[in-house]
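Here is the structure we will look at.
The values are calculated or read from the model by the stated rules, or taken from the named source; none is laboratory data. Quick caveat: nothing in here was measured; it's all calculated off a predicted structure. Here Cβ is always computed from backbone atoms with ideal geometry, including for glycine, and neighbour counts include all displayed protein chains. All accessible areas refer to the heavy atoms of the entire protein, side chains included, with ligands and DNA or RNA removed. Shrake-Rupley method; radii C 1.70, N 1.55, O 1.52, S 1.80 Å.
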Amino acid sequence: MKKYFAFLILCMLCSFGNAQPAREAPIKNPMLWADVPDPDVIRVGDTFYLVSTTMHLMPGAPVMASKDLKNWETVGYIFDKLTDSPKYDLAFSLPLDQQKGEGVGTVYGRGQWATSLKFHNGKFWALLAPNEQGAMGDTYIFTAPKAEGPWTIHSRLRHFHDATLFFDDDGTPYVFFGTGEMCQLTSDLKGVVDGSLRQYFQREDEERGLLEGTRVIKHKGTYYAMLISQSYGKGLNRREVCYRTKDLKGTWEKNVILESPFGGFSYLAQGTIVDTEEGDWYGIMFQDRGGVGRVLTLSPVRWIDGWPMLGDENYKVPDIMRPYKSGQPVKHIVMPDEFDGTKLGLHWQWNHNPVDKAWSLTERPGFLRLKTSRVVPNLYLAPNTLTQRMEGPACSGCICMDLSKMNDGDCAGFSAFNGDSGVLTVKKNGKKYSLVMSEQKVSLTNREKAVTKVEENEVETIDLTKLVNAKKPKIWLRIDGEFRPGERGGRDAANFFYSVDGEQWTQIGTKNYRMIFDYRRFFMGTKFAIFNYATKKTGGYIDVDCFKYQCDEK
């Protein structure tokens, strides 16, 4: 363990950039060992594009690109903010019994879900429906000239759950959604054709759970609809099923195309298949992996009796695959940052909509400035919390903060952020600074996702007043994440460290803090999070010098 931490500290002394000299190495599943759920993948020319769900994080609906199905980078987002409700702004910090109005609550675990991505007539199209009730849940259709954007809203339609947009050979648009439902859209994609809504298959008795996450392709004149089966029948596992037909108004037949456990975890499903320029096919499916979230796996696709069967010769997700294309530069979706640009990197996302006037990369070049903009009672209602994914099998993130402009009552720090969070907080009380490692747990109402309570267990507190320079107080905070199943202290463990000089590190608080995945609250993997909020008065700020990051090789 000491050698492991020493290696990470050494690696953090110098950050790596967007691209490195390529190493010819296999793809080791999970292809993306990070929270990248509900994927849709298309190919345009020689480039693969992938979209995923990020719910309450902004900007939302990330678009990732790859040439080889191994090295992925975030190239854009479909929207910067959602503005249907003040919920997206974390605007309500009053106790629940004092809150009134339609905007009460948050969008934790809600927001953007299961985006569908398509390329048609020289344009990119995206369809998504927030997992909300009423007008907040209306479906968005966006379009853009390039995957990188800019994306614009083309239309709003009724809610379609876990839907896919599909263009037939003649350009006719359809939406497939829910458990076996479909409808035809008008040619301008701004309405539903009257009388076109129908059930194209009926769920069998053995399918006791939902069939959802629909993705549709057409191959050699046959339509294929792929869905995850959350079956709970005897002898059945989570699996990917496929329905096919040659006539959209005809009868659909069904087959199971993937039923495979993988990597010491349970069975996986939900995703899509995509072809290469040469006509080979690959399947990309996600797997629930606890605290790190829902990760992506890559499988070969073999067409057997007209069915796209995923997996190796034993129909299992392979541990290792050959990259589709060699010689590509190494790229990442989680990145270190020196904050030396004028725009925030695409690897960052805010928790809910940011307050734009309360952060800056230009007021002190080379630093990220986070200002307090409203008085809030806890981290879960704090605006402008900045996040990145954590990654497996093990990763380490480190920030350096200038504390000199914090106000009395301000709380700033670094967190393994989720519904249950491990948190490093620098608290300013009068002229004194303290560092607290705490375990925090949020309670949310089921419907409004309103914050009703935050349990905060302060595990260890350090008086920083005599440890930091009184005129130029700085502190370094580090979180190490461990996601190996059953190794090195067990999976989903976070450990916390601080330094007053950036060289000597001291562990603080809970050892092997257990990170969890909870679909009832955040419904996402644990994130690194940088935060600063006021509990007494606004006007203070911190300057973050850097975010150092290292991930172990899979």
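Here are some notes:
- Value of Rg to Rh for region 497-542 (Rh from inverse mean 1/r over Cα pairs, i.e. Kirkwood): 1.08
- LYS357 versus GLN202: modelled label distance in nm, points set 7 Å from Cα along the beta carbon direction: 6.0
- Label-to-label distance, nm, for residues given as ASP463 and ASP305 (7 Å Cα→Cβ offset): 7.6
- Convex hull of region 376-459 built on C-alpha atoms - directionally averaged projected area, nm²: 6.7
- Magnitude of the charge dipole for the chain, about its Cα centre and with charges confined to Cβ atoms of Lys, Arg (+1) and Asp, Glu (-1), is about 1300 debye.
- Secondary-structure-derived ellipticity at 222 nm for the chain, considering helices only, amounts to -500 deg cm²/dmol, per-run term -39500 (n - 2.57) for DSSP H runs with n ≥ 4.
- Based on every Cα atom in the chain, Rg and the maximum pairwise Cα distance Dmax equal 23.6, 77 Å.
- Cβ-based charge dipole, the chain, positive-most Cα from MET285, MET226, ALA394: ALA394
- Probing with 1.4 Å while keeping every protein chain in the model, the per residue accessible area of region 225-323 equals 39 Å².
- Percent carbon-and-sulfur accessible area, the chain, ignoring ligands, DNA and RNA, probe 1.4 Å: 48
- By the rule of a C-alpha distance below 18 Å, with chain neighbours fewer than 8 residues away ignored, the aspartates and glutamates paired with LYS254 are GLU181, GLU204, ASP205, GLU206, GLU207, GLU212, GLU240, ASP305.
- Rotationally averaged projected area of region 245-384 (alpha carbon convex hull; nm²): 14.8
- Calculated P(r) tail over 24 Å for region 433-554, as whole % of Cα pairs: 40
- The largest accessible area among VAL75, VAL107 belongs to the first residue in VAL75, VAL107, and the rest follow in falling order (1.4 Å probe, all chains).
- Between GLU553 and ASN314, the C-beta separation translates, for a Förster distance of 22 Å, into a calculated FRET efficiency of about 0.25.
- Here region 246-389 is assigned +1 on the Cβ of each Lys and Arg and -1 on the Cβ of each Asp and Glu. Its dipole about the Cα centre then comes out at about 780 debye.
- Most positive-pole-ward Cα, GLY149, MET58, GLY539, against dipole of the chain from beta carbon charges: GLY539
- Residue (of PRO329, TYR108, LEU298) at the positive-pole extreme of the chain, dipole from beta-carbon charges: TYR108
- For region 193-245, size of Cβ-based charge dipole, Lys and Arg +1, Asp and Glu -1, in debye: 240
- Annotation for ARG364 and ASP280: the two label points, set 7 Å from Cα along the Cα-Cβ direction, are 5.0 nm apart.
- Counted residue by residue at 0.36 nm each, then reduced by the alpha carbon distance between them, the extension gain from ILE516 to HIS219 reaches 102.9 nm.
- Surface per residue (accessible, 1.4 Å probe) for region 47-193, Å²: 34
- Counting only protein heavy atoms and a 1.4 Å probe, region 412-554 has 43 square angstrom of accessible area per residue.
- Degrees separating the helix 2-12 axis from the principal Cα axis of the chain, which is the longest one: 90
- Subset of LYS87/LYS428; LYS357/LYS441; LYS474/LYS554; LYS405/LYS537 violating a 22 Å alpha-carbon distance limit: LYS87/LYS428; LYS357/LYS441; LYS474/LYS554
- Packing rank of 332-339, 210-217, where each peptide gets the mean count of other beta carbons within 10 Å, highest leading: 210-217, 332-339
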